[in-house]
Structures are given as C-alpha cells and as structure tokens.
1. Suppose R0 equals 41 Å; then what is the FRET efficiency for A:Lys341 and D:Val13 from their Cβ-Cβ distance, rounded to the nearest 0.05?
2. How big is the charge dipole of the protein assembly as shown about its Cα centre, in debye rounded to the nearest 20, if each Lys and Arg gets +1 on its Cβ and each Asp and Glu gets -1 on its Cβ?
3. Using Cα-Cα distances under 8 Å and only pairs 6 or more residues apart, what relative contact order does segment D:44-244 have, in percent?
4. In whole Å, what are the extents of the protein assembly as shown along the principal axes defined by its C-alpha atoms, from largest to smallest?
5. Going by average Cβ neighbours within 10 Å, how do the peptides A:238-247, B:93-102, D:140-149 rank, with the highest at the top?
6. Counting Lys and Arg as +1 and Asp and Glu as -1, each charge on the Cβ, what is the dipole of chain C about the Cα centre in debye, to the nearest 20?
7. How big is the charge dipole of segment D:44-244 about its Cα centre, in debye rounded to the nearest 20, if each Lys and Arg gets +1 on its Cβ and each Asp and Glu gets -1 on its Cβ?
8. Put a dot 7 Å past each Cα toward the Cβ at B:Ser43 and A:Arg144; how far apart are the dots in nm?
Amino acid sequence: MHRLLLPALLLLPLIAEAGNLRFAEDQAPALVNPIYGSTMAEARVNELVFEGLYTDDTELATTPALAESSRIADDKLSMEVTLRSDVAWHDGQPLTADDVVFTIKAMQDRATASTESGRVAWIADAVALDARTVKLTFVRMEARPEDKLFFKILPKHAFNGLPVRRSDTFRTKPVGTGPWRLALFNEDNSITFKKHDGWRDAVGIDEVTLREVADKNYQAKLVLYESLEALVRVLPRDLAMLQNNRKVELYPYQTNSWWYLGYNLNRPLTANASVRRGLSELVDVDALLAPVGTGARISGPFVPSSPYYNHDVEPTVADADEAATQLTAGGLVQDGDTWKKDGRAITLTAVAPTSLESVQEVAINLQSQLQSAGIKLDVQFLDDATWKQRVWRDHDYDLLLGQWTFDRNEDIREQFHSLGTRNFVGYKNPAVDALLDKARDATDPYVRKATLREAHKLIAADQPMLFLWTLDSYAAMSVRVKNVLIHPFYFFTFAPKWTMK
Amino acid sequence: MSPSALVLLGALSACTGSESAPEGAAAPIESSWMADLVAAPASFAERVGGAREGWIALHRNDWRAAAAAGGDPEARSAREFAKFYAVLAAMDAEVWSRMGRAWSARGTLPPASLLPWLIGAALADAGRDEEAAAWPAGEAAVPSVAERKRLHDRVRAGAADLGSLEATQADALLVEPVEGGARELADPWVLRTHARVSRQRADAHAAVDQALFSSDLGAPLHLPAAPTDPGADADACRGTVRELDASLDAWRTSASANASPEGRQLLDDLRLVEGARARALVELAVTALESDRPTCALALSHLAIDHESPRAIGPVNSPTLFAALASAELRVGHTREALDAIEVLVAPWPETRGLDETLSTLVVLEGLDRRGDSRE
Amino acid sequence: MARFAAIGWALAGRTLTSILSVLVAGTLIVGLFARAPGDAIDTLENGDSVRATLESEWGLGGSFLARVGTGMARLSTGDFGESLTYKPGVPVLDLVRTGVVTSAQLLLPATLLGLVLAFGAAALAGGAGGSALARIMRLLSGISALPLVLGALAAVNGVNAATWALLERGLIDRPSWFALPEEPGLVRTGLAIALLGFGSARFAQLTRRARSMLAVLDSAPFVAAERARGGPLVPLYARHLLVPTLRLAADTLPALFAGLIVVERAFHLPGAGTSFWESCAHRDWPLAAGLALAFAAGVVGLRLLSEAVAVVVDPREREALA
Amino acid sequence: MTLRPGLILAFIVLAFLPYDPLADVGAMAADLGAGPGHWLGTDHLGRDILARTRVGGRIVVLSGGLAMLVAGGLGVGLGALAGWFGGLPAAALRALGGGLSAIPSLVLVVLACLAFGGGPLTLAIGCGFASVPAVAEAVAGRLDALRREEFVVAARGHGIGNARIFLWHLLWVNTRRLVARELGVTLTLLVVTEVTVAYLGAFGVPEPTVSWGNMLDHALRSGCANPWSWGAPALATAATVWATAPAEEPT
C-alpha cells in the first residue's frame, strides 16, 4: 500500500482559498510522466510540473527555459547546450547535464517503450561534457534545433537507471523542475499541485487542483457555481449561459481541428472515386452541423483560416442530380428509390468514437439523410480501445466519422502521405506524396504555402474524405483569475504569470 | 445575420442557468440616445426620418448599404470606413515589418526576388522611414509594379476613382516563378490608399448630431492609466469593462422595468445594449492600439465579440472589431490568431486579401522548423 | 458424533462448491475480457509504436486461448499483478482494497436502509392495512421503480440549483458540501445511500419478500402459542427472521452492484464500481478481473456464511443437511 | 398487480405499429413543447417523443422475450435435471449457477457487450444468462421438495410413466407460476440494465434503434429543453418495471 494513497483517505474538504485554481479535465492523467504521457490532459499537467530545454514565450516564439545558451556547430550536425545554474528539482537536487542525457536515452530506449520517442528520433547521440553542458549530435542537418528541444527533462536520480518502467516508484512521487510540484494524488482522481518555491521566477498562484469531471454537463455548471476557476474547453451549448454571467470570461483560442467523414479506400465500393464523390454530394453538411454548434465549413484538410487553405476549392454542396450521375458513373444502379450494386441494395457500415462530443447527433442526421437518398447506413459507436483496433489496425469499416486536431504547424503528412502512420483511410496519390515531401523541405514560406494549397486541391478532388467543418473553441476563466494568457496548445505554459484575487 | 432571427439570449439561459443579479451604481447612461429611444419608442420613426433603410443598415454594420442611402447614415458610415481602414493600414505595415525582420534573421531571404524592395516600399509608404532605410529603395525594377504605384498615387491625389483599384484586387501584385512553384507577392499600398481616401471623404461630411446606433453611452469612456508593469495592462482594461457592464446591467434592468412593451421589444430585438457596448469597446480598443497598448486592445476586443456568432459581421460584431482584434493579436505575437480574425474580413472586403496573404506567409515563416503533431 | 460428521461433510461440500463457483466466475470474466476487441495498449496514445515490448510484458500477445491461459495462470497463483492503464503500476490488490472499503461505506448502509424500509412497510401494511396505506405503498414502489439514473441526476441537479438559488440571494452562506458531485460531504454520501437503498425497484422487491416472511411467521403455530401466552413477540420474530434476512441480503448484494456503478458515477465517488467501469474502458483486465472476482468471492462468502449461521441457529436446517 | 393479457397485447400492438426513426429527424422541429403535431413534443433532433416512447416497447418485447426464453429454457432445463436427479448434478448446478450468479448481472452484461459488441441481442442474451441461476435454483428447489411427496409415489403406483409425471405433474402444474415470477424478474433486469448501460457509456442499444435508455441518455446529455424528452422514457421504464414485478409471492 504505497504511502501517498493512505493520507488521501482523510479527504479534507477542498474549500476555495484565495490561491487555489481548480480546473476540470474529462479524465485525470493515469500517469504523470512526460516520456509516457501524450493525451492532452497529460500534456497540460506536464506543463505545470516539468520543463524542457526551450519553451514558447508570450509571443509564442522559441525561448530558452532550462537552457541558458546554445551553440550550433558550423556543419549544423551538432550543438552544445549550456544549462542554467539556478535550477533545482522539486526534491532540492540541482539540475545537471546527466539529467538531459538520461531523458534522451530513456525515450530512445526500446525496453522503456516510451510512446513519445518520436520527439527525440532526430538526435543521434547525447553526451554530458561537464555538469552543465550537453553535446547533441543530429541525424540530419538542423537549421533551428531549439524548436525541437521542447520535450520535458526528467531527474536521473529519481530512477534507478534504464530501462524506465511505468510502475517505477516515480509514479507515486513525480519530481520535476516546473513552477508547481505534485503534492497529492487524491482519492477521487483529483490531483493537487503546490507552488515550487525554488522556481527561477515568481509563481502567481499558490495551489492548482486538477478535478476529474467525466460528465461534461457538470463542467460548465461547476464554473457557474464557482466550484471551478477554469474550464479548458467549453461546449458550444454552454456558451450562451457562460457569456451572460459576469463572473466568468470566455477566451477564444485557435485549435486547428476539423471533422471528417472518411471513406475506406481498401473496400471495393468506396475505392471508386466517383462513388465517393456521389456519396459526398448526397450529404447536406450544414444540416449535420446545426445541432453541434458554431463552426465553419471546410473543403480540404485545413481549417479556413490556415495559411495552407485553398479558398479556390469550394466545399461540396448537397446536389441530388450531380450525386446521381456520379454514383451511376461509379457502377451503381438506381432502382426505384434505393441504390443497388449488382442487383443488391447498398448497405454501408459507419464507425464513430463515443468520446467525440455530439457525434451521436451528427451520425443520426447522416443516417436519416442517406436513407432518404436510398442508401442504408448503420452506425456503430466504438469506445477508444475498440476504435484503435477496428480503425487503426484492422481498417474494418466502410465510413468513418472522426476529428483530427493539429498543432500550429498543421502537418498533415501522417494522415495523407502514402507512408503516413495515421493514414488509415488508405489514401495513396504519388503527386500528393511529392507535394508533401517538397513542403516539408521547403525553406521559402511562399513555396510551402503554394505547395500545400495544391495538395489541398488534389486531395479535395480525390475525396478520400468528405471534409465537414471546424468548430470554434473557447476556454472559460473566473474573473478572480488575473493576468490570464492561454497557450493555444498546452494551455498552462504562461500560468506562472497568472494571479488570483 | 438577419435582424429578425436575432437570438433571444434570455430564453436559452432559462433552462441551464440563472440570471446573475445586477449590481453596480447607475451611470449617466440615462442621458444617452438609448435611454431616449427606449423611453419613447415612437420617436424612432421621426428620428430615423427619410433614411430609414440607411439607419437599419448602419445598425447591421453594413456600411456600404448605409452609405448608398445618403443623409446622416452616409456621413456616419464614411467615418466608420475611415476608422476601419486606418486600423488595417497600420496593421499592414506591421506585418511587412515583422516579415522582413523574421526572414532576414533567418538569413534565407531570396536575393533575386522583388520581396525586399516591396518590404522597403511598404515601410516607406507607412512613414516608418528608419526601418525602410535597411531595405532596397528607388524605382520598382518590374514595370507592372511601377505602373501600380503610379495608379495608387493618382487615386490618392483624387485623379482616379477608388473603383479603379477593384480590378487589381482579384489576384496578386506580382507572381515570381521560383524553383518548383511560384511566389505570389501582395500589393503593399492598397490599404493605405483606402485609408487616405476614406479619411478625406469622412472629413468632407459635416459633423452628425444624430447619435442613433453610435458608441455614445452618455458619458465618454476613458482607457485606464497604463500600469507600470505592462503585464497587468490587460487586467486594468478588463476592470474598465466590468465597471461598464455593471452600469449597463443596472440601467437595462431599471429601463426595461418601467419601459413600455414596444420599448422593451426594441431593446431586446435590436440588441441595443449589446450593440452600443460593442461599439464603445471597439472605440476604446482602437485608442489602445494607437497608444501602443496591444494587450489592453486584445482584452477589449475579446470582451466585445458576440460569442454566439463569433465569425459573422452583424449588429454586435462590426468590421472594425475584427480589424482591431487582428491588429492586437499580431502585436501581442499571436500571428496565427490574427490570421484567424482577418479571415472573416477577406470575403466582404476583397481589398484585405493582400494583407491576408502576407500575414499567412509570416505565420508559415515563424513555424518553418517546428515539428508537427496531430491527435484524434 | 455421526450427525456432526454429516454436517461437517455437508458444509465442506458447500465450501468446495463455493470455491468452484469463484473459479467459474474467474474463467468467465477473463474469457470475456480476452474476447473484447482492442486491448490495453490501444488505449495509449500512439501505443502501436511500443506494441511489441508491451505485449510480452503485459501478457496480451497471442491467440484468444493463450490470453485466457496466461490470465487464469496468473490469477490461480494469486498473482493479481498491477493495473496496466487505469492506474499504471499500482498493485491490483491495493486498488481492490481501497475500492471495496469505499464502496462498502455505501453498500452496507444502503442494504440496511433497504431492509429497514421494507420490513417497516411490510409490518405497517400487514397491520392496520386499509386502502390508504396500500395506495401509499404502491406509490412508493412506483417511485422506486423510476430509473436510478434519473433519480441520481435529478438529486444532484435539484440540490445544486436550490442551494445556488439560496446562495445567490444571500439567504445562506456557502455550505462546505456544495457543489455536488465535486465536494465530499455528508449530503453527497447521504443522497447516494438513500438512492442506492431505495432506487431501481429495490423497495418493491424487498417489501414483497419481507411481507411473505412476516406472513409465514404470523401464521406459524408457535407464534400463535406465544401470542396466546402474551409473551414478548419481538425477540421471537427477530430470532426467526435472522436467517432469511441474511439470505435476503446475500441475494440483494449482486443486484446492488449495478446501482453502485450508477450512483458512484453520478456522485463522483471513487469506489469499486467506478474502478470497475474505468478498468473496462481502459481494457485494464487485471484490475477488472480482480474487482469482479473480489465481488464474486464476497457474494459467495456471504451466502456460505448465511448457510453456516442457518445451520447453527436453526435445528431444522441441521436435520435437512444430515 | 397481475398482468391482464389484454394489457400485454395492447403494449405489443402499440409497440409494433409502423414508425421510421430516421424519417422523423428534422432540425426545424427540434425541442418543440407538447403541441398539436406532437402530443409530448419533440426531442433535440426533432423526433416525436410519444411515438419513440411507444416504439421503445419493441426492445422490451424482443430483447425481453429473448432474455426470458434463454433464462426460462436453460434455467428450467438445468433446474429440472438437478432437482429430479439430485446428488452430483445438483452439486454441479450449484457450482455453475453459484459462479454465474456471484458475478453481478450488470458486470456480466457489460463484459458480454465488451466482448461481443453492444446492442439489443447481446443485452438480451447477457440478461438471460444472468437470470439462469435464479430460475434453475427455484425449479430445482421445488422439484427436490416435491420428489418425495406422496402423490408422486402414488402416481407411480398407478403405473403413470416417469416422463408423464415429470413433465405434467411436476413441471407444468407446480412450477409454472414460480418460473413466471422469475421471468418477470428477468424482464425487469433487462429494462433496468438497458437504461443503465445507455447512461454509462458505449455499450447501449445503438442509434437509430429506438430504446428508452437511449432517449433518457440523449435527453439528459443535451440539456433539458423539453421535460418530456426524459420524462416519457423514465415513466415508461418505471411502469414496465412496476408491472412486471409481481405484488405477492406466488404459492
């Protein structure tokens, strides 16, 4: 019975002191360890507790965090990073170069099985020259390696060597260098963080508490009832309630996420491009969007405000006749009011993740529209584990309703390159592959923009997916929280500057 | 957003939450045009007079229709145009400046391109001479660009009409072929030309006393004194907005309590309070931008937006609000969010396409080496 | 002595069957879990990149039968292992213990409340009777038949809204238990116990069983004799009701577990019910199997206990066994 | 309350009157209150609530029926075997039945939905299996008690074959009311489990099949615009549970 859980049984009532910021997550992180954590909830908690060599400044430009300075070698194949001297771990130990080397080696170690190893794949070797300098050699030439040194650093002394295990005692008492230290895992999955007094800068809020509120209906109400001071994502239907309230302020923030209806290109029916185009033209997307909330239609794999969005490509519009010609061209026959292939009525199976908010409403509307157009669609709602197996590995579906969220670089390579690890619709277009490679290597922003807009056009023409919409997302903050600056992806990067009245 | 389909906020919150109790002292709003209108709804007809359509268009922030209606609405819309273009012109110069700085810091500026000359031209045109000095100046090397510059000079001198610029807005100023693609360069003068011409037109109109649908709330609103620590500026401005909200809530409750049913309907259907509040906050945000307090301008713009239709121009969200928001986001360093705000203006205002393109190039430039990440 | 031996043998037989039952339950649980699509590795973000290493470490590789084999092998040697994805690395026995302790604080009072309500209503109905009382009883059992989900959510939202209305008008200051389901406190636990004991048609079932038990006793000859002698009826009833009530409790416990999961999720109470539900969603089969087995063993143990008590207390049971 | 056959017939007929859940979807008619076109108003997707509550009965009839069939068939079969022969089969039944009944029925149904995918079929078979031990124990107990009764010995004396005694005298005459009560409990179990599983997560009856659990879950999740959207399914569930739970212990 590890020590920490026992005291939690006392469950002292968590009353709202002045310095206690309470925020809600749908699900508390199972593990507070950056080399294993990768859901958004875990990324936000890691932002409170750990630090990387570099981070974003308030103007979202790369700025040193644990690193004091760095020197890139002339051949751009290696660099030397000098660490700050005034940094202490939460348990008082000083930060050393060995910690940085240990973290990189741990993430690259096979037996550790770190799901974040992709972040250090570009580092060939890491050597500690002295207590405060690390020499990194790269696999390829890197123009600005600092942009890729955001991964969080772990204390070597808190582990007993490699391989690192999920069940190491580190999980009961995570140690970082961040502005808050993890004080207590509470019984009801909430986590309490206390200010790290030895941090290199002032921390405005004494205590931060993560509350696990699985039922989204309560989250907005708890902000109204002043049981929570911050809500990371407000549901569209709660906007009106919170906008009226003078004790809460809404902060819009940019997330590059869009919904799509994917076609399985490995299935004979949906492998045919005209069938896909026909199906897309049967769907009235604006009617699907109505129950979900405010958002904007898209015609390709980018959000409309993205630099790579090609505005010359129009979103598909519901057009029954055009759909009919496309489906007939695709080899389907319209018999009465149902579509048939080789004499048999068309029945498609669609899968959707239950964890996606309002996905049930969208699926029912979609079924209703396709049924009145003569195509029977049955939808299966899968929980996360079944989704991964059915969609990511077995590709066992005809249609797929889902959402992708990208960070600021909107790198669609994994989704649309024929070798992409997340290209589970099975999309292969050599021209698009060439464009994606060119965009990745381009050093001229105009060229990258033009290339990816061209890719947008080609992908929209191939229609591997019916691109649906992007939704507006908001965070809600109590007015008692002052000086609020929200990082669009990691949310808490500037939290040390926040204060509470 | 058609006026008739205005969202009645009260109905929505009945089920999921309760109205917050109003508090805060009454304010001199009683002497504002809103108070007179609600007290005597019948007076709306004669205050609007002949240009009824114009005033309705002004209420919807559709300035072109208001200008076409002539009379007072035309004068008021001319002033709105001038303010709108002034904000955009200043932002345009800032985008060119930041792109120039970011690209030269990276050291990969294409030598054979006209881009450096354009950056210099934009900065010089905006009067930022010491910055322009670092960039190539002199005659435009490409004849079509020089010809465009002369067209702008003629329009600014009044020798040519603004309409002649319309034809040029459809595509880029210059398309430079580059290895495996093309570089579409935007026109660096168009927004300052619009700003100057609209300023001249606004001054030509006599002052308008009719304050209907204006940002005048009885007592002039002032920016709070800039605090010593720039970080706390946003909160100081948020404080001003909270005081304004408190007095607006107090006035609204008392006004609708003793107003006639038509007065109350006018108040709710036309969203008079939300509209006037948004206009007042936008005016404050523009002043904050001019006095170089972007974080304050950003806070004011966020609080002015009607979150129910956040990407549509209407009685609450005016074009200047989006311009001020984009400019504030850019100056605070949130280039991507600035692009998000400008996006709303590109369709109704084609002359902003050039600014949109240059801004999107800056966004790409800043993230060129970042490692992309995606999640379901 | 022969009689004692016979009883001993019979009880030993019963214990053997009980152990066999727990094993049957274990195999069923592990089998169903191994059949489920998607495994613990799938719940990890980009888990596929580390599938090979984790599959061998967590015993998830191989065919369906292989997975059931490893699962049963580990369980039978008492090695419940560690939670894989819900609370990575925490030994399953710890989680089961804390879960059962927290849930017991709900289950036992709820069962008690259910029985007290049932016997109270049964005694009242049996006594003066009269249509008014019967109508109230029917209404109560109707209300208790309302889905527990609705009762739980209505309770939470209703109590919150009422308190907030009072709070906003300044009539009361902020109670420490406000707002449900977040803040721990007596109101939250009390509501949970009341709903669990009374909800999902529990009232109707228990009252029916209680009334039949009382009816049997009322007509029993020795009770009539005792009443004729004017002696104290209550201890007599108590002695005779002990065994059937224990058996009734043993039967209601499994049914209460369904209500437990709903109540724990609605009131955000961290008990065995929430842990079980989360471990299913996370495909954390060691924890899910551990929890389900603990509960199965608990139910079988309680049944065994009620039989043992019956044998000790009731001579007729002893005869039946011999 | 003993169920009058007429009531059951009306319930079944009402449930199976034609209704196309998908054709009823219409965003324009979302969240209407009770009105002329829709007596109980519409839900957040514009679908008529009265019609859906009525059609929700299909799951009760179909899945409920299947669950009772599974519970009845297996339960009576195993129970009769153990009751009639006693000894080893009785012990085997007690072990098997004990194991099955030790797992809470919701856990069994959830694991079945996890393994075979949610839906009315899995729910029915899951609830059926969860009720088998109760039915088997009831039947075995009664048969075991009756086996030694005089009238059985006397019947044998009259030369009536074992099979006839077993089938008519014991199974039909004496245990049918007992089995009916247990099947009533099975039906209650199905209705309650369906609502619980729909609220908890991914395993309920999938759209667009109409079920009270779905209706209740969607209504609570999408704000409480029209009170009937959660009121109607809740009342329907309560009425069914109340009706199928027999008031008195059958002798």
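No value in this document is a laboratory result; all are computed from the given coordinates. Remember, predicted model here, so these are calculated numbers, not experimental data. Here the Cβ positions follow ideal geometry from the backbone for every residue, glycine too, while neighbour counts run over all protein chains shown.
1. Numbers: r = 38 Å, r/R0 = 0.92.
Rounded to the nearest 0.05, the efficiency is 0.65.
2. Numbers: 133 positive and 160 negative charges, 1179 e Å.
Magnitude of the dipole: close to 5660 debye.
3. Details: 254 pairs, mean separation 58.4, N = 201.
Result for segment D:44-244 is 29 percent.
4. Largest to smallest, the principal-axis extents are 126, 83, 71 Å.
5. Details: A:238-247: 19.6, B:93-102: 21.1, D:140-149: 16.5.
Highest-to-lowest ranking by the protection proxy: B:93-102, A:238-247, D:140-149.
6. Details: 26 positive and 23 negative charges, 302 e Å.
Around 1440 debye, computed over chain C.
7. On the way: 14 positive and 9 negative charges, 77 e Å.
Dipole magnitude for segment D:44-244 comes out near 360 debye.
8. It works out to 5.8 nm between the two label points.
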